[in-house]
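Single-structure report; data block below.
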Amino acid sequence: MTTRTSPDVATGVQPKSLRVGTVAVTATFSINAGMSLSAGDVIQMVKVPQGATPTYVALSGNPGGAVLVKVGDGVSTGRYITGLGASSGMKLAPINQSYVPYTYSTDDTIDIVVSTTSLSSASGAFNLIVHFTMDA
């Protein structure tokens with residue numbers, strides 16, 4: 001199991017926005033040629049600050065082969081999307097879980113977690129779109 005990060009969760013990077021209102025963040029994680037994906041790998045994609053309530057989460061990508069993933073956070077790895085088969089030419093897939101508004105009590109990241117894969121070598125990318133609201 002490996003934890004990887006998109007450039008959007010690097011130290012010192014925070015989505016630029018007003019402290020209140022709606023924030024839209026798009027993050028891309030490039031899968032380098034020859035990179036292996038294994039069950040249990042976590043790809044941290046988008047930082048969400050304390051007090052944020054995600055209203056939309058969607059994933060697209062092209063991992064270069066069959067991969068089963070879920071999208072969640074440090075508390076619930078499948079909070080937004082579970083059992084999603086990602087493959088070459090994957091279309092944009094929104095939340096597929098019963099939506100219950102969740103407000104983060106601490107800073108966290110929204111992550112892609114690899115459930116299963118048949119790839120020993122991957123290439124391509126994952127793209128994650130997150131909209132969240134912030135109250136004053």
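The base-10 log of I(q)/I(0) for segment 42-136, evaluated at q = 0.14 Å⁻¹, reads -0.48 [Debye formula, identical scatterers on Cα atoms, solvent excluded].
How many angstrom lie between the Cα centre of segment 76-93 and the Cα centre of segment 51-69? If we compute the Cα centre of each part, the gap is 5 Å. Of the peptides 59-72, 95-108, 78-91, 39-52, the order by per-residue mean of other Cβ atoms within 10 Å, starting with the highest, comes out as 59-72, 39-52, 78-91, 95-108. The amide H of Ala93, built 1.01 Å from its N in the peptide plane, has Leu59, Ser60 as neighbours under 5 Å, considering only residues 5 or more places off or on other chains.
Normalised per residue, the accessible area of segment 84-136 is 52 Å², obtained with a 1.4 Å probe and no contribution from ligands, DNA or RNA. Working from label points 7 Å from Cα in the Cα-to-Cβ sense, the Asp107 to Ser123 distance is 3.6 nm. With a 1.4 Å probe rolled over the protein heavy atoms of all chains, the accessible area of Asp111, Asp135 falls in the order Asp135, Asp111, largest first.
The values are calculated or read from the model by the stated rules, or taken from the named source; none is laboratory data. Just so you know, these numbers come straight off a predicted model, no measurement behind them. Cβ coordinates were reconstructed from backbone atoms using ideal geometry, including for glycine residues, and neighbour counts include every protein chain displayed. In case anyone asks, the SASA skips ligands and DNA or RNA and just uses the protein heavy atoms, side chains included. Shrake-Rupley method; radii C 1.70, N 1.55, O 1.52, S 1.80 Å.
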